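Structure first, commentary second.
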Amino acid sequence: MSNQLSDPKYLSEQQYRNASNLNARVQLHQRFGTNQYGWHRWVLDQFDLPASGKLLELGCGPGWLWLENRHRVPAGWHITLSDFSFGMLRDAQQKLQASSHRFRFAAVNAQSIPFADEGFGAVIANHMLYHVPDRDE
C-alpha cells in the first residue's frame, strides 16, 4: 500500500478530485484562526518580485491565493496556475474567470514540470510539497 500523501492516483481521484475536502480544512482555519490579516494576503506580501515577470504556481488548488489578492496582482505578471488535479484546475478557472487579470492554467505533476528551465522568475509551491515523494532537498 502506497503512502496516500504522495500517491498521485489517490490524491487526484479522491482527496483532491475537487476543492471540497480542502475547503473543509480551510473553513476550520477561518473559523478558529486568530490571524486578522489573512494568510493569502500575507503570502503575497512575502514575494519580492519585479512589476513584470513570469510566475508559476504548483498546486494552485482552487486559486485562493489569486482570488483573495486579485486587486493586488501587478498587470505585468504572467501567471501560470498548475495542479495535477483537473478538478482543482476547474475550480480555479471558475473562481478566477471574472478577474481582470488573465491566468494560464496547466495540468502539471510537480515531479515532472513540463516547462523549460529558468522559464519563470518565481515558482510558488504553497502547502503542497509534502505530496511530492521524490524531490531534491
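The values are calculated or read from the model by the stated rules, or taken from the named source; none is laboratory data. From a predicted model like this one, the values you see are computed outputs, not experimental measurements. All Cβ positions, even for glycine, are placed from backbone atoms using ideal geometry, and neighbour counts span all protein chains on display. SASA here: full protein model, heavy atoms, side chains in, ligands and nucleic acids out. Shrake-Rupley method; radii C 1.70, N 1.55, O 1.52, S 1.80 Å.
Keeping to the range 7-50, report how many residues are under 23 Å from K95 (Cα atoms) and in contact (Cβ under 8 Å) with a residue 40 or more places away in the chain.
9
For the range 55-90, which residues satisfy the criterion of being charged (D, E, K, R) and surrounded by fewer than 23 Cβ atoms within 10 Å (Cβ to Cβ)?
E68, R70, R72, R90, listed by residue number.
Here are some conditions: (1) within 17 Å of A125 (Cα to Cα); (2) open to solvent by less than 30 Å² (accessible area, probe 1.4 Å). F105 meets all but one. Which one does it not meet?
(2)
V73 - would you say it is of a type outside the set (D, E, K, R) and in contact (Cβ under 8 Å) with a residue 60 or more places away in the chain?
No.
Filter the range 16-54 for residues that are in a strand (DSSP E or B) and surrounded by 14 or more Cβ atoms within 10 Å (Cβ to Cβ); which is modelled with the highest pLDDT?
Selected residue: K54.
Please work out which residue is nearest to the chain's Cα centre (by Cα), limiting yourself to the range 78-88 and to residues that are within 22 Å of G121 (Cα to Cα) and modelled with pLDDT under 95.
Top of the filtered list is D83.
Taking P133 as the residue in question, decide whether it is open to solvent by 40 Å² or more (accessible area, probe 1.4 Å), modelled with pLDDT of 90 or more, of a type outside the set (S, T, Y) and over 16 Å from the mean Cα position of the chain (by Cα).
no
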